[in-house]
1. Between a residue in segment 208-224 that is touching a residue at least 60 places away in the same chain (Cβ under 8 Å) and any residue that is assigned to a loop (DSSP other than H, G, I, E, B), which pairs come within a Cβ distance under 8 Å, given they are 6 or more apart or on different chains?
2. Of the residues 227, 170, 193, 258, which is hydrophobic (A, V, I, L, M, F, W, C), modelled with pLDDT under 85 and out of contact with any helix residue (DSSP H, G or I) (no Cβ under 9 Å at 6 or more places or on another chain)?
3. Check whether at least one residue in segment 86-100 is modelled with pLDDT under 60 and not assigned by TED's automatic domain parsing to the domain that holds residue 228, and report yes or no.
4. If you check 145, 156, 134, 122, which single one turns out to be of a type in the set (Val, Ile, Thr) and modelled with pLDDT of 90 or more?
5. Looking at residue 18, is it surrounded by fewer than 19 Cβ atoms within 10 Å (Cβ to Cβ) and either touching a Gly at 6+ places or on another chain (Cβ under 6 Å) or modelled with pLDDT of 90 or more (or both)?
Amino acid sequence: MLEHIPLLKGALIEAFYPLYDQYNEDQIYACALVFNEYLRMDDLAVSTIRSLFAEHEDPLQYLSEQDKWQVTKWRYRAHSSAENRFAQFKLILADYFKKTHAFGHPMLEHNHGNAQNNLDLVIAAFQQAKQAFVHSYGLDTHNIVFFIHIPHQPQVAIHSAQCLNSGSPLLDDFIQHHSPKAAPQNLGSKQKLSQADKDLLVDLAQMTEVEPYDYLHIAQQAYLLTLESAFIDSNPYIQKLIQTIAAMDCGIKDGCALEKNEILERIEQFYHASHNLTLSKPNPFSDIP
């Protein structure tokens, strides 16, 4: 993987420059390297201030303010052909993941003894390309947030954006949009938990039993839960709770560092709402089938 980073750097430069040249006057505010849900690299996309919806304009042709960071709704994307470097790297990356990672999450697993994982290597190439935009091509990228987009992985977006950009109000807005929100204190109507929901809650509860209680360890373990295949189909409030816990070590502004008892109380809310039971035993999920 490491030997292909110069190719990715060149591919990003080759893809970004035409987008910048065409849309810079419309005030580009974001640029995303887009992967699909199967971890295949799709394209490079940008969005502009001018593309945001104003009241006097046709809403079908513009983004709403709520869609500002919704990459799937962005219209401006790099055009690739079989001959350019972006398309070449897409094929190399797909082949690499196919041969090297039969299971698991290839963008986040460590690369066989290499201290950096695959995501860090992609970020490094993106950082080098961004520096080339400024120093070699004289492009003004000061007001553009660069990041990596993978569906259902807000932590990847946040981590990459923090690595690729200096602090700014625009970056703060991006992080706030992608930061997980805690599950509501009152879940309201009764909800039936699926087996996947129960398994996630069991795993989450067991994490808190490790002594001594360590925020970083809990956050890392919660982050691993977000990578499990069942996570996407689980209860959305459970997803948000796990994402909140995973964010405890990310330095997110206004992040919530939860104590052990707070996590268990929030878990109890789900279980109580579904089964009308409380968690009175040290291992509250021992009776869940």
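The values are calculated or read from the model by the stated rules, or taken from the named source; none is laboratory data. Since we're looking at a predicted model, the values are computed, not measured. Cβ sites come from the backbone with ideal geometry, for glycine too, and all protein chains shown count toward neighbours.
1. Partner pairs satisfying both residue conditions: 209/282; 209/283.
2. One residue alone meets the criteria, 227.
3. yes
4. Being of a type in the set (Val, Ile, Thr) and modelled with pLDDT of 90 or more holds for just one of 145, 156, 134, 122, which is 145.
5. It is true that residue 18 is surrounded by fewer than 19 Cβ atoms within 10 Å (Cβ to Cβ) and either touching a Gly at 6+ places or on another chain (Cβ under 6 Å) or modelled with pLDDT of 90 or more (or both).
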